[in-house]
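To start, the structure itself, in structure tokens.
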Amino acid sequence: MPLLVLKNLSHIYHSPSGETEALKDITLSVNEHEFVSIVGPSGCGKSTLLSILAGLLEPSSGEVIIGDQKLAEAKDLIALMPQRDQLFEWRNILKNVILSPEIKRNKTPEVIEYAKKLLEKYGLKDFMYKKPSELSGGMRQRAALIRTLVGAPKLLLLDEPFSALDFQTRLAVCDDVANIIAEEKKTAILVTHDISEAISMSTKVVVLTERPARIKTIYNIELDRTIPPLKRREQKSFNVYFRNVWKDLEVSNE
Ligand code: ADP
Ligand code: MG
């Protein structure tokens, strides 16, 4: 049984200046432990789709099923990692990581232990009591990811999480994030406009059309998942996937 099923999702924004059709008839299923990337022209509706999956926006029509539950009943199974790391400078890293359980009045000793365990496991033991500004860009991103893991979600939603990073850091952080998500056995949906990033990190790449976003093509990516994403870029079929996705996007930009 798939973990996530999107059935004929459509969305139209209504505003005083008129209507904007953002999504049209999106049908997709995602299995447990898959890593799905979504690419598409800017403004096509990618963030709209993630907002719906995160339960922040009600779709105009269609439905989202998680396991055997409706989305509204399964919100705890999903965590969204935003574009900026949104770490608060006035809280140390550990306190940032447990912010969400704290707000939900769910900050049990077990949650704190789990947060500490994750920070230790992923190399942030010595930074637990430091302020965000004392960490490198890559470490901040790792802390932001650990924050999304603390509530033990099954599905992680990542909306262009690397766009604020410089190129070199971005490559390292991609490997880092892919490794943590695989190691923690999570399912992930990543929105990115970087084709190489999408192909190298994913089991599946979904290409969307211009707005209103429809599904143009779905690629099953069969690169060696025992090596890190950066290394996967050196595999022969990587270039074939790249050219195909590139062509899809080129056509939809015309
Ligand atoms: P993407 O993430 O692919 O760049 P978005 O999902 O953010 O695209 O936006 C898709 C379209 O919907 C854009 O034309 C955007 O201007 C419009 N849009 C996004 N949010 C709103 C909103 N709250 N109200 C009205 N229109 C919106
Ligand atoms: Mg967006």
Picking from D248, D176, which residue would you name as being in contact with a strand residue (DSSP E or B) (Cβ under 6 Å, 6 or more places away or on another chain), assigned to a helix (DSSP H, G or I) and open to solvent by 10 Å² or more (accessible area, probe 1.4 Å)? D248
Output the residue which, of all residues in the range 149-169 that are in contact (Cβ under 8 Å) with a residue 12 or more places away in the chain, open to solvent by 10 Å² or more (accessible area, probe 1.4 Å) and not in a loop (DSSP other than H, G, I, E, B), is nearest to ligand 2 (Cβ to nearest atom). D159
Among the residues in the range 181-198, are any open to solvent by less than 20 Å² (accessible area, probe 1.4 Å), under 27 Å from E32 (Cβ atoms) and without any contact (Cβ under 8 Å) to a residue 60 or more places away in the chain? no
For G62, which of the numbered conditions (1) part of a helix (DSSP H, G or I); (2) of a type in the set (G, A, S); (3) over 21 Å from the mean Cα position of the chain (by Cα) fails to hold? (1)
Out of all the residues in the range 14-25, which are surrounded by fewer than 22 Cβ atoms within 10 Å (Cβ to Cβ), in a strand (DSSP E or B) and of a type outside the set (S, T, N, Q)? H14, G18, E19, E21, K24, D25
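If you scan the range 128-141, which residues turn out to be open to solvent by less than 50 Å² (accessible area, probe 1.4 Å) and not in a loop (DSSP other than H, G, I, E, B)?
Correct list: P132, G137, G138, M139, Q141.
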Members of the range 209-227 that are surrounded by 12 or more Cβ atoms within 10 Å (Cβ to Cβ), part of a loop (DSSP other than H, G, I, E, B) and among the hydroxyl-bearing types (S, T, Y): T209
Sole residue being in contact (Cβ under 8 Å) with a residue 12 or more places away in the chain, within 16 Å of ligand 2 (Cβ to nearest atom) and either more than 23 Å from I195 (Cα to Cα) or assigned to a strand (DSSP E or B) (or both), chosen from L49, L80, L28: L80
Taking the range 228-242 and keeping residues open to solvent by 40 Å² or more (accessible area, probe 1.4 Å) and closer than 18 Å to K204 by Cβ leaves R233, Q235, S237, V240, F242
Considering only the range 1-13, I want to know if a residue exists there that is open to solvent by 20 Å² or more (accessible area, probe 1.4 Å) and within 16 Å of ligand 2 (Cβ to nearest atom). yes
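Can you give me the number of residues within the range 65-77 that are in contact (Cβ under 8 Å) with a residue 40 or more places away in the chain and over 17 Å from the mean Cα position of the chain (by Cα)?
3
Residues are listed down the side, and each one gets a yes or a no for (1) aliphatic (A, V, I, L, M); (2) surrounded by fewer than 21 Cβ atoms within 10 Å (Cβ to Cβ); (3) in contact with a Leu (Cβ under 6 Å, 6 or more places away or on another chain):
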residue	(1), (2), (3)
C44	no, no, yes
A54	yes, yes, yes
I65	yes, yes, no
K70	no, yes, no
Q86	no, yes, no
W90	no, yes, no
K95	no, yes, no
L99	yes, yes, no
If you take the residues in the range 88-121 that are part of a loop (DSSP other than H, G, I, E, B) and at pLDDT 95 or above, which one is nearest to I181 (Cα to Cα)? I98
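The values are calculated or read from the model by the stated rules, or taken from the named source; none is laboratory data. Keep in mind that what you see is a predicted model, and the values were worked out from it rather than measured. Cβ sites come from the backbone with ideal geometry, for glycine too, and all protein chains shown count toward neighbours. These accessible areas exclude ligands, DNA and RNA; they are computed on the full protein's heavy atoms, side chains included. Shrake-Rupley method; radii C 1.70, N 1.55, O 1.52, S 1.80 Å.
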